[in-house]
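Take a look at the structure below.
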Amino acid sequence: MVFKIISHIVIGIILLITVFRIVDSALWSCSENGNAVDIDSQVKGVWYEIARLPSSEVPACLKIIAPESEVNGTYTLQLDYINNVNNGWVPTHESLAFPWSEAKHGNFNLTYSDEIVNVTVKFKYLGSKGGYSIVCGYSDLASSISIIRILSRNKLVNSTVKNEIYALANQFHISLSQLTWVQQDGKCNGAEKLSTFGIGLLLVLSLFQRIL
């Protein structure tokens, strides 16, 4: 029942996009302007999400562990995050496996599907510099709307970090005027397998939240 309700919400949002043609050509677009780069040795290890665009509270406390290498043609990311949909707070762990043939070139496709809807969010790894990484994403259903995730080796977010992030984004010609800063504080602890929701669904909701 939960999936059906959410599926209808997603379908409604997609219809709104179609009817009102929500497109702003002046905005930076992941689908058109984002250039994925190859995965290298800088990527392995622990990353914390410290900023995101568009503004969204879901999910919280995202930590990503990138492997040292692929295994049998598969590149697997370990994710720890908080499922905070509907003001909940559920510690969650997931493993996401991607074909190495795509991942090695910085391309990661994440799909949420059920009996009603099938939505794929396509992510691009744009590169790393100075202990930060930029990842962007979009869906073909609304390619003008982009997700941007800023990852850091450290949890701390202060004025120095913010200035460094803005400078890095400027190098990629990305406007971060509506950036949301993510706090990785003491509440971001624990891991528990999530049975009803998953990161794919949370990212789909985050993607379309921009036009609600």
Suppose R0 equals 25 Å; then what is the FRET efficiency for E68 and T160 from their Cβ-Cβ distance, rounded to the nearest 0.05? 0.25
Is there a pair in K129/K155; K122/K155; K104/K162; K124/K187 whose C-alpha atoms are over 21 Å apart, and which pairs would that be? K122/K155; K104/K162; K124/K187
Tell me, what is the FRET efficiency for W181 and N35 to the nearest 0.05, using R0 = 35 angstrom and their Cβ-Cβ distance as r? 0.90
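Where a number appears in this text, it was derived from the coordinates with a stated rule and is not lab data. Bear in mind the structure is a predicted one, so any value in this text is a computation, not a measurement. Every residue, glycine as well, gets a Cβ built from its backbone with ideal geometry; the counts of neighbours run over all protein chains shown.
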